[in-house]
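Heads up, the thing below is written out as structure tokens.
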Ligand SMILES: Nc1ncnc2c1ncn2[C@@H]1O[C@H](COP(=O)(O)OP(=O)(O)O)[C@@H](O)[C@H]1O
Ligand SMILES: [Mg+2]
């Protein structure tokens with residue numbers, strides 16, 4: 001048996017995974033996802049299709065006046081791309097993270113290898129981004145097929161949804177790794193995801209909100225994402241400055257990373 | 001094998017090693033040396049601090065105080081480099097139940113930067129070694145406890161480690177499964193792999209360990225090979241006498257001077273002696289008629305119970 005022939009050649013540290021160990025964590029998640037990806041792809045296309053039909057043909061028929069100068073469906077689509085990114089990002093940063101600590105305990109297995117906390121966190125984030133990017137791409141293709149995209153800038157929604165996803169997923173990592181029961185995760189949906197989806201400019205411009213709610217919308221990462229995505233698909237200037245939006249979302253990522261790193265460390269290094 | 005990095009071939013060296021959780025001291029200043037190629041055991045009851053020690057050695061738990069060197073490196077600073085050369089089999093299996101047996105090995109190998117092709121080859125080799133080759137493609141979920149344990153041991157070998165840490169490798173397994181695990185670990189030991197294991201099974205410690213420490217309440221209470229420990233803390237043989245009647249106490253007085261040490265239990269009396277048959281003859285010569293007599297060799301269990309007491313720790 002070759003068990004003992006451990007030499008420099010059988011201890012490879014080179015290669016992409018050697019240089020970026022987080023990729024090994026991403027790879028593990030992709031291997032696990034292989035079991036369910038078909039269902040994932042199906043729902044990634046189903047949701048936007050239903051949206052186009054439901055809102056375009058159904059609701060759109062009632063909203064006859066253009067919103068922000070464009071047909072309602074065209075106004076709505078970028079908002080839905082951003083809010084779908086939010087939903088997928090939060091879905092992938094709640095139950096899976098709690099489960100990896102509480103049920104499967106795979107994080108503890110990973111922590112006993114050369115991986116550092118940052119690698120485990122980075123790999124998990126990589127998988128969230130993969131899920132968000134693939135479902136956003138599906139949404140974008142359907143949206144293009146229905147002629148709701150007005151500008152080649154629409155392609156910019158892909159990096160934008162990645163940024164939105166990171167801005168919400170990373171702080172949620174901190175939350176999911178700090179609670180011990182999944183009843184706390186439902187609270188997050190009730191008190192953060194649903195209000196954000198309803199009031200952060202996805203379905204109607206935030207300008208129609210009373211001042212207090214409007215400022216809450218401004219504070220949420222989703223509104224910044226929606227404003228950027230809408231500017232991209234409609235080919236217009238966003239309500240805020242682009243660097244302002246990007247910096248605000250980047251700040252969520254940075255603060256979130258710091259919180260998530262300490263929360264993961266507290267669990268894994270004791 | 002990679003050359004041991006320290007002088008004298010000492011792979012793990014602990015001096016005054018302490019682990020505290022808040023006010024509670026789980027490991028209370030232990031000194032340990034583990035040499036390359038040996039099988040070293042931590043024997044102790046539940047709560048003795050065995051897992052806390054293993055986790056410090058595994059570089060997932062920073063020592064609160066004291067010194068710890070692993071392969072000449074400092075766990076506080078060189079955690080990833082040390083972990084790259086360790087194989088860890090934790091007390092509770094943390095396999096992914098949704099992945100296949102093979103995928104559990106190949107994905108884990110990737111955490112060590114092992115190329116995919118090598119990972120697949122090694123997985124096949126290790127699954128042969130732990131006799132799980134036929135289950136390679138099936139999910140982990142339905143496997144028996146013994147199979148999961150063997151898979152965890154295979155996983156710990158995937159990076160061809162210099163030291164394998166096994167925290168209670170056979171707890172909860174049925175006798176057949178235990179013996180199979182022992183046999184595999186014995187093979188690893190023969191191949192020169194350094195094994196560090198914890199157990200509260202005496203037979204396991206006797207079977208596998210070249211040297212061991214007995215831990216109790218976070219401290220080391222004895223140290224040596226199973227043989228020397230038995231010689232030092234017990235006698236060569238033990239006579240177990242069972243007297244009919246209410247209490248054994250009544251008979252204990254009549255056995256004075258028969259043994260180096262006499263232990264009275266609720267259901268029997270133990271005589272620690274050099275010559276068991278001689279002691280039994282003496283008992284009969286005193287006109288005592290125990291309902292049952294058993295002469296056996298002294299075991300690590302006698303040492304263990306002598307050192308850590310008979311009170312149940314849960
Ligand atoms: N993370 C922790 N926080 C607080 N106490 C702990 C922790 N881990 C272990 N302990 C305590 O430390 C003591 C030793 O535990 P452990 O090392 O697991 O013992 P063993 O493995 O010998 O059974 C126990 O009393 C246990 O409750
Ligand atoms: Mg333990």
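Some notes on this structure:
- Condition met for residue B:67 (away from ligand 1 (no atom under 12 Å from the Cβ), away from chain A (no Cβ under 14 Å) and in contact with a helix residue (DSSP H, G or I) (Cβ under 9 Å, 6 or more places away or on another chain)): no
- Residue in region B:41-56 that is more than 16 Å from ligand 1 (Cβ to nearest atom), away from chain A (no Cβ under 11 Å) and within 19 Å of residue A:270 (Cα to Cα) present: no
- Residue in region A:241-264 that is closer than 19 Å to residue A:125 by Cα, within 14 Å of chain B (Cβ to nearest Cβ) and in contact with a helix residue (DSSP H, G or I) (Cβ under 6 Å, 6 or more places away or on another chain) present: yes
- Listed by position, the helices (runs of 4 or more DSSP H) enclosed by region A:1-114 that each have at least 1 residues that are within 14 Å of chain B (Cβ to nearest Cβ) and modelled with pLDDT of 85 or more are A:15-19, A:22-33, A:37-51, A:95-102, A:106-111.
- Of all the criteria given as (1) surrounded by 24 or more Cβ atoms within 10 Å (Cβ to Cβ); (2) within 13 Å of chain B (Cβ to nearest Cβ), the one not satisfied by residue A:119 is (1).
- Helices (runs of 4 or more DSSP H) enclosed by region A:194-239 - at least 3 residues per element that are closer than 26 Å to residue A:155 by Cα and free of Cβ contacts under 8 Å to residues at least 24 places away in the same chain: A:211-219
- Single condition residue A:186 does not satisfy, out of (1) more than 29 Å from residue A:71 (Cβ to Cβ); (2) touching a residue at least 24 places away in the same chain (Cβ under 8 Å); (3) under 20 Å from the mean Cα position of the chain (by Cα): (2)
- Filter result for the condition that a residue is more than 16 Å from ligand 2 (Cβ to nearest atom) and either surrounded by fewer than 18 Cβ atoms within 10 Å (Cβ to Cβ) or assigned by TED's automatic domain parsing to the domain that holds residue B:37 (or both), over B:205, B:177: B:177
- Criterion (away from ligand 2 (no atom under 16 Å from the Cβ), in a loop (DSSP other than H, G, I, E, B) and more than 10 Å from every other protein chain (Cβ to nearest Cβ)) met by exactly one of B:134, B:160, B:141: B:141
Residues checked against (1) over 20 Å from residue B:214 (Cα atoms); (2) within 24 Å of the chain's Cα centre (by Cα); (3) within 14 Å of ligand 1 (Cβ to nearest atom):
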{"residue": "B:13", "(1), (2), (3)": "no, yes, no"}
{"residue": "B:21", "(1), (2), (3)": "yes, yes, yes"}
{"residue": "B:25", "(1), (2), (3)": "no, yes, yes"}
{"residue": "B:35", "(1), (2), (3)": "no, yes, no"}
{"residue": "B:39", "(1), (2), (3)": "no, yes, no"}
{"residue": "B:60", "(1), (2), (3)": "yes, yes, yes"}
{"residue": "B:84", "(1), (2), (3)": "yes, yes, no"}
{"residue": "B:95", "(1), (2), (3)": "yes, yes, no"}
{"residue": "B:107", "(1), (2), (3)": "yes, no, no"}
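- Scanning region A:128-152 for residues that are surrounded by fewer than 17 Cβ atoms within 10 Å (Cβ to Cβ) and under 12 Å from residue A:232 (Cα atoms) turns up A:150, A:151, A:152.
- All positions within region B:171-190 that are outside any helix (DSSP H, G or I) and within 25 Å of residue B:34 (Cα to Cα): B:171
The values are calculated or read from the model by the stated rules, or taken from the named source; none is laboratory data. Note that the structure is a prediction, hence the values are computed from the model and not measured. Glycine gets a Cβ as well: all are built from the backbone with ideal geometry, and neighbour counts include every protein chain shown.
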